[in-house]
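Engineer: Below is one structure. I have some questions about it.
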Amino acid sequence: MIAIRDRVRFEETDLMAVVYHSRYLPWLEMGRVAYLRACGVDLNEMMAAGMLFPIREIHVRYIRSARFDDEYEVRTTLAGFNRAKLHFSYAVVHVATGKVLVEADTVNVFTDKNGKITRIGEPWFSRIQALYEQDRDADRV
């Protein structure tokens, strides 16, 4: 699991200072990118090699509202993967209370620049697999 922290910006809220529902999606992206970075996977490097990483599915469960200036933590876990796709799970947590605000899942696929699904090669696959196995082993303890 990789965790990142940030604060709710005013521009992410509606007139009631509550985070607008679509604004959680960039937070998930921040978590996903941080997870890959922790694996040693640089998305810029992948894109330069002609490999893209679009979202194929997204499921979001809104539990509680975040508000302006709340500190939140995005906890990102790789729930499963193979050479063609990654399945991430997320929990967005209110730091002060520890309460879960949002639970979500995304499925990302690897594609070439024409949008055709492709298989991820080395060294990227091994890097992702190493952190995935480390996380799985930690969950068993």
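The values are calculated or read from the model by the stated rules, or taken from the named source; none is laboratory data. Treat the numbers as computed from the prediction; the structure is a model and nothing was measured. FYI the Cβ positions are ideal-geometry reconstructions off the backbone, even for glycines, and counts take in every protein chain you see. These area figures cover heavy atoms from the full protein model, side chains too; ligands, DNA and RNA do not enter into them. Shrake-Rupley method; radii C 1.70, N 1.55, O 1.52, S 1.80 Å.
Engineer: Tally up the residues in the stretch 8-36 that are assigned to a helix (DSSP H, G or I), in contact with a helix residue (DSSP H, G or I) (Cβ under 7 Å, 6 or more places away or on another chain) and not hydrophobic (A, V, I, L, M, F, W, C), please.
Structural biologist: Residues in the stretch 8-36 being assigned to a helix (DSSP H, G or I), in contact with a helix residue (DSSP H, G or I) (Cβ under 7 Å, 6 or more places away or on another chain) and not hydrophobic (A, V, I, L, M, F, W, C): 2 in total.
Engineer: Where the second residue is hydroxyl-bearing (Ser, Thr, Tyr) and open to solvent by 30 Å² or more (accessible area, probe 1.4 Å) and the first is on the phi < 0 side of the Ramachandran plot and outside any helix (DSSP H, G or I) and lies in the stretch 37-51, which pairs have Cβ atoms under 8 Å and are six or more apart or on separate chains?
Structural biologist: From residues that are on the phi < 0 side of the Ramachandran plot and outside any helix (DSSP H, G or I), the pairs are MET51/THR118.
Engineer: Residues of the stretch 9-20 being under 25 Å from PRO54 (Cα atoms) and open to solvent by less than 100 Å² (accessible area, probe 1.4 Å), which ones?
Structural biologist: Answer for the stretch 9-20, where residues must be under 25 Å from PRO54 (Cα atoms) and open to solvent by less than 100 Å² (accessible area, probe 1.4 Å): GLU12, VAL19.
Engineer: Of MET16, MET1, which residue is under 11 Å from the mean Cα position of the chain (by Cα) and modelled with pLDDT under 95?
Structural biologist: Sole residue among the options that is under 11 Å from the mean Cα position of the chain (by Cα) and modelled with pLDDT under 95: MET1.
Engineer: Got at least one residue in the stretch 116-129 being at negative phi and in a strand (DSSP E or B)?
Structural biologist: yes
Engineer: Can I ask one more? Search the stretch 7-29 for residues that are on the phi < 0 side of the Ramachandran plot and pair each with any residue that is open to solvent by less than 20 Å² (accessible area, probe 1.4 Å) and polar (S, T, N, Q) when their beta-carbon atoms are under 7 Å apart and the residues are at least 6 apart or on different chains.
Structural biologist: Between residues of the stretch 7-29 that are on the phi < 0 side of the Ramachandran plot and residues that are open to solvent by less than 20 Å² (accessible area, probe 1.4 Å) and polar (S, T, N, Q), the close pairs are LEU28/THR106.
Engineer: Which residues, taken from the stretch 97-128, are β-branched (Val, Ile, Thr) and either over 21 Å from ILE58 (Cβ atoms) or out of contact with any Cys (no Cβ under 6 Å at 6 or more places or on another chain) (or both)?
Structural biologist: Those that are β-branched (Val, Ile, Thr) and either over 21 Å from ILE58 (Cβ atoms) or out of contact with any Cys (no Cβ under 6 Å at 6 or more places or on another chain) (or both): THR97, VAL100, VAL102, THR106, VAL107, VAL109, THR111, ILE117, THR118, ILE120.
Engineer: Which residue pairs have Cβ atoms under 9 Å apart, sit 6 or more places apart or on different chains, and have a first residue in the stretch 114-140 that is touching a residue at least 24 places away in the same chain (Cβ under 8 Å) and a second that is open to solvent by less than 60 Å² (accessible area, probe 1.4 Å) and among the charged types (D, E, K, R)?
Structural biologist: Every condition considered, the pairs that remain are THR118/ASP112.
Engineer: Let me ask you something else. Starting from residues that are hydrophobic (A, V, I, L, M, F, W, C) and open to solvent by less than 70 Å² (accessible area, probe 1.4 Å), keep the ones in the stretch 31-48 and report whichever is nearest to ILE117 (Cα to Cα).
Structural biologist: By that ranking, first place goes to MET46.
Engineer: How many residues, within the stretch 78-103, are buried (at least 17 other Cβ atoms within 10 Å of the Cβ) and farther than 23 Å from ILE117 by Cα?
Structural biologist: 7
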